[in-house]
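Report on the structure given below.
The values are calculated or read from the model by the stated rules, or taken from the named source; none is laboratory data. Small disclaimer: the values here were computed from a predicted structure and weren't measured. Backbone-built Cβ (ideal geometry, glycine too); neighbour counts: all protein chains shown.
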Amino acid sequence: MANNAKKSLIYRFRTNEHAMMLFLACIIGILGGYGAVGFRWLIVFFQGIFFAGNNDNFLDLLMHLPWYMKLVPPIIGGAIVGPLVYFFAREAKGHGVPEVMEAVALKGGVIRKRVVVIKSLASAISIGSGGSVGREGPIVQIGSAIGSTLGQILNVSADRMRTLVGCGAAAGIAATFNAPIAGAMFALEIILGDFGIAAFTPIVVSSVTATVISRTYLGVFPAFITPQYTMVSIWEIPIYIIFGLFAGVVGVLFTTVLYKTEDVFGAIKIPDYVKAAIGGGLLGIIGIFFPHVFGVGYDSIGLALLGKMSWYLLLCLVFIKIISTSITIGSGGSGGIFAPSLFIGSMLGGVFGYVIHNAFPGVTATSGAYSIVGMGAIVSATTHGPLTAILMLFEMTGDYKIILPLMLSCILSTVIASQIKRDSIYTLKLLRRGINIRAGKDINIMKSLLVKDAMTTDVVTIPAGMPLKNLIKFTLASKHSSFPLVDGEGMLAGIVTFQDFKEVVFEEGLGDLIVAKDISPAEVITITKNENLDTALQKIGLKNIEQIPVVDGKNPKKIVGILSRRDVFAAYNKALIDKSLERKIV
């Protein structure tokens, strides 16, 4: 009896998809947590090799090294990373997050299994040798690859695969920053663009599990230790507004310089796998004078948060970090842009706070408070993910008192950045490949499909003069919910839906007095067969209708077909499958 009950419980678990997804999310959280911890140890290992020793304060170690020990390691690191990425996994080049977004949008979440190993080695060597990049992007890609690999082994559906990839991304961010809420938000807001409960629950489980693993090995500490800053007076609100606008501009500058640098290296007529060593040489020259830009830069960020850096050094490091990171990634190095964004933001906030506090000492906080806000504002401006930035900075610092100016500056910096440059630092990389992602989907597919390829030519029409009582009977017997109206010559005269006549359907005595034309909207939204499905979807969404008449391009009254929401998404999904097969990874 007990055995039967046990078997029944196991069967119910196996057949309960939600329970299975939570179980898989927990497994991914464990693997992602250990992956993040292992990756950090790997970076420390390579730092010890390249810079002949380890130190809890990497910046302090660099300050005491001779100039040639700052010049040579980035060159050697680039000479190793370039061929490693070029010959084994080219998607491991750069910051990694766009590749995950592409996999989610176009490949059903499928990421090559080898990415876990190649990305780990390439990024750890790049950062360990002094590359001016972060560890967050690589860990996102590593965690996502773990989730994708598990999904491929179990042969899950495309939707479930995308969720597992999101679980891996959340686990990576959560374990890296000791920030489970921000990890989940990053996956939902940036990677998936989906806040549905089906994705939300597993991602939260994975994020929490990964955080438990990281805290076990790395301790229960926020990523940055800061004094307790607060908003000193109400007069700081307009100051933080100005700072948010300023941060938005600097965020766009970072994005622009990054991809301009990539173009410059792309134009050099030498093999791609050699370019990373050239970039390493340029970075080494910068590092001789400004070793602060080497690696993830958390030591320098800590000094800025504590207000222990001069204003002129803070100002210089804003632009030098932009250049250094752009050289590292643009030349073919491997690493993320999250830590550089935090670095740039802390320096920008520090110099801004220094100026403001000296001008208005009685009503403003010291520079450290503005450094905290600056970190979130630049991350928001570059990634266009304000919710992630706000929650991450709150969890990374453990300081709730700074939350109001942080929220204000992050939102404003995102607005300004998105107005100047519509795409984020992630989606712009994909756009340059011809992939235009919005909310987790490639809208270029929609623009490439024409209405004539998706529409139905078998159109059910209704005479414009049909009495209401006959219209009611007709619609009740039909499987459709909207009907184009035609005049005596068969030309378009209007359109009716159930929404149009539901208010008069129960009115007595109107059955013979009202005809179909009387309840038709004055303006009928139409589309031609040679317009694309992206335009069609916009028109359908304009009035929240289910179907739209397709008319002849030369005669806007001649109906040639009907297009529904279902037709649009069916055509999109078919094209998505076809495109995924073309891009199939072997």
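Residue-wise test of (1) among the hydrophobic types (A, V, I, L, M, F, W, C); (2) closer than 23 Å to residue 376 by Cα; (3) free of Cβ contacts under 8 Å to residues at least 24 places away in the same chain.
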{"position": "178", "(1), (2), (3)": "no, yes, no"}
{"position": "186", "(1), (2), (3)": "yes, yes, no"}
{"position": "223", "(1), (2), (3)": "yes, yes, no"}
{"position": "234", "(1), (2), (3)": "yes, yes, yes"}
{"position": "237", "(1), (2), (3)": "yes, yes, no"}
{"position": "249", "(1), (2), (3)": "yes, yes, no"}
{"position": "255", "(1), (2), (3)": "no, yes, no"}
{"position": "260", "(1), (2), (3)": "no, no, no"}
Here the qualifying pairs (Cβ atoms under 7 Å; residues six or more apart or on different chains; first in segment 536-550 and assigned by TED's automatic domain parsing to the domain that holds residue 562 and in contact (Cβ under 8 Å) with a residue 60 or more places away in the chain; second of a type in the set (D, E, K, R) and surrounded by 12 or more Cβ atoms within 10 Å (Cβ to Cβ)) come out as 546/565; 550/529
Inter-residue pairs, beta-carbon under 8 Å, first closer than 17 Å to residue 299 by Cα and outside the structural domain of residue 302 (by TED's automatic domain parsing) and in segment 365-394, second of a type in the set (Gly, Ala, Ser) and at pLDDT below 90, 6+ apart
none
Does residue 60 meet the test of being acidic (Asp, Glu) and at pLDDT 85 or above?
yes
Residue 153: passes all of (1) assigned to a helix (DSSP H, G or I); (2) in contact (Cβ under 8 Å) with a residue 40 or more places away in the chain but (2)
Does residue 278 count as farther than 15 Å from residue 70 by Cβ, outside any helix (DSSP H, G or I) and either β-branched (Val, Ile, Thr) or in contact with a His (Cβ under 6 Å, 6 or more places away or on another chain) (or both)?
no
Segment 220-263, residues that are farther than 24 Å from residue 308 by Cβ and not in a helix (DSSP H, G or I):
220, 233, 234, 235
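Let's see how each residue does on (1) among the acidic types (Asp, Glu); (2) in contact with a strand residue (DSSP E or B) (Cβ under 7 Å, 6 or more places away or on another chain); (3) in the same structural domain as residue 57 (by TED's automatic domain parsing):
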| residue | (1), (2), (3) |
| --- | --- |
| 159 | yes, no, yes |
| 179 | no, no, yes |
| 185 | no, no, yes |
| 211 | no, no, yes |
| 224 | no, no, no |
| 244 | no, no, no |
| 247 | no, no, no |
Counted residues in segment 92-120 being out of contact with any Lys or Arg (no Cβ under 7 Å at 6 or more places or on another chain) and either assigned to a helix (DSSP H, G or I) or free of Cβ contacts under 8 Å to residues at least 24 places away in the same chain (or both) come to 12
I want to confirm something. Restricting to segment 292-305 and keeping residues that are buried (at least 22 other Cβ atoms within 10 Å of the Cβ) and assigned to a helix (DSSP H, G or I), which single residue is modelled with the lowest pLDDT?
305
Quick check, is residue 283 farther than 15 Å from residue 131 by Cα, within 29 Å of the chain's Cα centre (by Cα) and not in a loop (DSSP other than H, G, I, E, B)?
no
Pull up segment 192-213, narrow it to residues that are of a type outside the set (A, V, I, L, M, F, W, C) and at pLDDT below 90, then point me to the one that is surrounded by the fewest Cβ atoms within 10 Å (Cβ to Cβ).
196
Going by the conditions given, is residue 483 of a type in the set (Phe, Trp, Tyr) and either assigned to a strand (DSSP E or B) or modelled with pLDDT of 80 or more (or both)?
yes
The listed residue being without any contact (Cβ under 8 Å) to a residue 24 or more places away in the chain, out of contact with any Asp or Glu (no Cβ under 6 Å at 6 or more places or on another chain), in a helix (DSSP H, G or I) and in the same structural domain as residue 180 (by TED's automatic domain parsing), out of 39, 45, 23
23
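For every residue, the table says whether it meets (1) β-branched (Val, Ile, Thr); (2) closer than 28 Å to residue 372 by Cα.
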residue	(1), (2)
263	no, no
268	yes, no
271	no, no
277	no, no
284	no, no
297	no, yes
300	no, yes
The condition from (1) within 30 Å of residue 18 (Cα to Cα); (2) among the charged types (D, E, K, R); (3) buried (at least 24 other Cβ atoms within 10 Å of the Cβ) that residue 135 misses is numbered (1)
Result of the Cβ filter at 7 Å on segment 474-493, keeping first residues that are loosely packed, with under 15 Cβ neighbours inside 10 Å and partners that are hydroxyl-bearing (Ser, Thr, Tyr), at least 6 apart or interchain, is 481/497
Residue in segment 418-435 that is at pLDDT below 90, of a type outside the set (A, V, I, L, M, F, W, C) and closer than 25 Å to residue 227 by Cβ present
no
Residue count, segment 366-398 (criterion: under 20 Å from residue 239 (Cα atoms) and part of a loop (DSSP other than H, G, I, E, B)):
1
Residues in segment 407-424 that are touching a Phe, Trp or Tyr at 6+ places or on another chain (Cβ under 7 Å) and crowded, with 24+ Cβ neighbours inside 10 Å: how many?
1
Complete set of residues in segment 331-346 that are assigned to a helix (DSSP H, G or I) and more than 20 Å from the chain's Cα centre (by Cα):
346
Take residue 244 and tell me if it is small (Gly, Ala, Ser) and free of Cβ contacts under 8 Å to residues at least 60 places away in the same chain.
no
Test: residue 39 is surrounded by 17 or more Cβ atoms within 10 Å (Cβ to Cβ) and under 18 Å from residue 218 (Cβ atoms):
yes
